[in-house]
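Read through the structure below, which is laid out as structure tokens, and then see the notes.
Any read-out appearing in this document is the output of simple, stated calculations on the displayed coordinates, not a laboratory observation. Just so it is clear, the structure is predicted and the values come from calculations on it, not from any experiment. Backbone-built Cβ (ideal geometry, glycine too); neighbour counts: all protein chains shown.
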Amino acid sequence: MLIIFSGLPGVGKTTIAKELARRLGAVYLRADTVEQAMVEGGIPMGEIEGKGYLVAMRVATENLRLGRVVVADSVNCWRLTREWWRSAATDANAPFLDVEVICSDEEEHRRRVEDRRADIAGHDLPDWRAVVERDYHSWDEQVLVVDTAYLSQEKCVRKILDAINGPPSG
């Protein structure tokens, strides 16, 4: 299964995605990590565009074909990238779950963006202005939404696990 995370920077998606991957023993793929490696390899950030996503998707497809669960962590702000992630699952005959992480409390979201520190060496985090001006498109399709303004990390992970496992039987 491919679990596809989406959401603006600073909403908490990486924290939740990493914990989910840990609990599932899943392969964890983060677009920021791939793109930072590309920068370190000599590609200017302005030239990367969607290439980091494509690299991560190829790695996801290979792992899905091996029967692994894959957690994909990226902003995933456009319909095109969402379709790319879904095609990675489809190409491997694997199911997928789209998870959008939001923080509906704007003040809290801003505080998180302004207070956070990069956890990838050399990675430049966006400031609040860059986050609010991001070209983030709303979802047209069904997606599981977790709101970190009201749910703890534990409750967000539990909500996703419940969606993966389906409703309790009985």
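Laid out as a table, the results:
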read-out: Leading residue by the ranking (farthest from the chain's Cα centre (by Cα)) among those in segment 64-96 that are outside any loop (DSSP other than H, G, I, E, B), of a type outside the set (D, E, K, R) and surrounded by fewer than 16 Cβ atoms within 10 Å (Cβ to Cβ); value: T90
read-out: Hey, E35 over 23 Å from A118 (Cα atoms), in a helix (DSSP H, G or I) and of a type outside the set (K, R) or not; value: no
read-out: Residues satisfying the stated conditions in segment 39-53, i.e. surrounded by fewer than 16 Cβ atoms within 10 Å (Cβ to Cβ) and part of a helix (DSSP H, G or I); value: E40, M45, G46, E47, K51
read-out: Boolean, A60 is of a type in the set (G, A, S), in contact with a strand residue (DSSP E or B) (Cβ under 6 Å, 6 or more places away or on another chain) and over 19 Å from R134 (Cβ atoms); value: yes
read-out: Looking only at segment 124-170, and only at residues there that are of a type in the set (K, R) and closer than 20 Å to D32 by Cβ, the one that is surrounded by the fewest Cβ atoms within 10 Å (Cβ to Cβ); value: R129
read-out: Segment 102-123: number of residues that are part of a loop (DSSP other than H, G, I, E, B) and surrounded by 12 or more Cβ atoms within 10 Å (Cβ to Cβ); value: 7
